[in-house]
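Single-structure report; data block below.
The values are calculated or read from the model by the stated rules, or taken from the named source; none is laboratory data. This one's a predicted model, so the numbers in the text were calculated from it and none came from an experiment. Cβ: placed from backbone, ideal geometry, glycine included. Neighbour counts: every protein chain shown. Heavy atoms of the whole protein, side chains included, go into the accessibility calculation; ligands, DNA and RNA do not. Shrake-Rupley method; radii C 1.70, N 1.55, O 1.52, S 1.80 Å.
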Amino acid sequence: MNKIEQRWIRVGLIGYGTAGRDVAEGILKGNAGECELTKVLVRDSYRYSENDLPEGILTDNVDDFFNAGHDVVIETAGHDAVRHYASKALSKDCDFMVVSVGAFCDQTLLDNTLQLARQHGKRVIIPSAAIAGLDRLSAATQGHVNNITLTTRKPVMAWRGTFAEESINLDSVTEPTLIFEGNARESSRLFPESVNVSAALSLAGIGFESTTVRVLVDPTIEKNIHEVSAQGLFGEVHIEVKNTPSPGNPKTGYIVAMSILSSLRNLSSPLVFS
C-alpha cells in the first residue's frame, strides 16, 4: 500500500506582539512540526516595517488574511481579537486556537463560538500556556470534583498598567499583598491580560463560578507563579509553576509561545501526550 503524503498544516496568526513574534519565529524554524506560516494579521502593518517575516506574510487586510486557506488560526492579540475573529475563523473552516481565554468569561460568546465550531466540524483549541495540569483537571471532571483553587503571584512590574494599580500603590508595596479573591469569572474580567489562566482552568475543570481565584502582588519574586490545588474523586493535585516573564512584556511568559508551538506540533505528530 502506498504511503499517503501528509499535507503540511497551514497556520494563520492573529497578532504580532511578544507572543506572536515568538510563535512566528518558532514556526519558521520548524519547531511546530509539519506547519507552515501562511499569514500574520495585524492592525496596522506600517508599524511593523521592520520584521523577520518572509515577504507577503504580514497583512492588515482581514479579507486577505482569511482567504489564505488556513487550517488553523491562532489568536495572540487579546480579548477583542477573540470576539472579532473567532466566528470568522470557524466559518472559514479553520480550527481556532485561543490564547486570550479570558474572553470566554462572556458566556454568550463562549456558547456561540462552540455552537459554530460544531456546525463546521471544527475545534476551539486552548493551549496550556502559562499553567500546567489542564489535562489532569479535565480528566478529573469525569468524576466529582470538590474544589479547584488558583493562586497567582506576580512581581510588581507585571501589574503596571492593570487593575491592580487601583487597589494598591505599586511603588510602595513591600510584601506579598492580596488584591483579589473571588471566582474565576470576575477575575477574568478584572485581569484580562494577566489571569487568562483562571479562564483556562475553569473551562477544563468545574466552571467559572465554582473556581476560586486568589491574586497577589509580590515584590519578593521575579517570576510569575501560579499554584493550583484541586480535590475530588480522583484524589488531590497540587501544582506550582514559575514562569519567566518575557523581557518585551512582563505580563507574558516565554512558556506561552512554547505551549502554542507544542499544540501545533500535536496536530501533525504521530505521538501525542494528552
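Brief remarks on what is shown
- Once the chain from Arg43 to Asp135 is taken as fully extended at 0.36 nm per residue, the excess over their C-alpha distance is 29.7 nm.
- Å² per residue, accessible surface of segment 60-193 at 1.4 Å: 46 Å²
- Set of aspartates and glutamates with alpha-carbon distance to Lys29 below 14 Å, sequence-local pairs under 8 removed: Asp52
- Tail beyond 17 Å, pair distance distribution of segment 157-274 (Cα, percent): 63 percent
- GluC sites (Glu not before Pro) lying in DSSP loop within segment 18-62, provided at most 16 other Cβ fall within 10 Å: Glu34, Glu50, Glu55
- Put simply, the C-alpha atoms of segment 79-124 give a gyration tensor, and the ellipsoid matching it has half-axes of 16, 11, 8 Å, longest first.
- The Cα center of segment 176-224 and the Cα center of segment 19-40 differ in position by 29 Å.
- Alpha-carbon Rg with Dmax, taken over the chain, Å: 19.0, 70
- Under 5 Å from the amide H of Cys35 lie the amide H atoms of Ile9, each residue being 5 or more positions distant or on a separate chain, with H modelled from the backbone and absent for Pro and chain starts.
- Top positive-direction residue, dipole computed over the chain with Cβ charges, set Gln115, Ile14, Asn224: Gln115
- Placing unit charges on the Cβ atoms of the charged side chains and taking the dipole of the chain about its Cα centre, the candidate lying farthest along the positive direction among Pro54, Gly78, Asn266 is Asn266.
- Relative contact order %, the chain, counting alpha carbon pairs below 8 Å whose residues are six or more apart: 21 percent
- Counting 0.36 nm for each residue step from Asp80 to His120 and taking away their Cα separation leaves a gain of 12.2 nm.
- Dipole in debye (nearest 20) - segment 130-274, about Cα centre, beta carbon charges: Lys, Arg +1; Asp, Glu -1: 420 debye
- Within the accessible surface of the chain, defined with a 1.4 Å probe on protein heavy atoms only, the carbon and sulfur portion equals 45 percent.
- Among the trypsin sites (Lys or Arg not before Pro) in segment 23-88, those located in a DSSP loop and surrounded by at most 16 other Cβ atoms within 10 Å of their own Cβ are Lys29, Arg43.
- Convex hull volume of segment 38-122 per residue (C-alpha atoms, cubic angstrom): 87 Å³
- Cβ-derived FRET efficiency at R0 30 Å, Asn169 paired with Arg189, nearest 0.05: 0.85
- Per-residue [θ]222 nm for the chain (sum of -39500 (n - 2.57) over DSSP H runs n ≥ 4, rounded to 500): -8500 deg cm²/dmol
- List Tyr48, Tyr254, ordered by accessible area with a 1.4 Å probe, largest first: Tyr254, Tyr48
- Given charges at beta-carbon only (K, R positive; D, E negative), |dipole| of the chain in Debye: 540 debye
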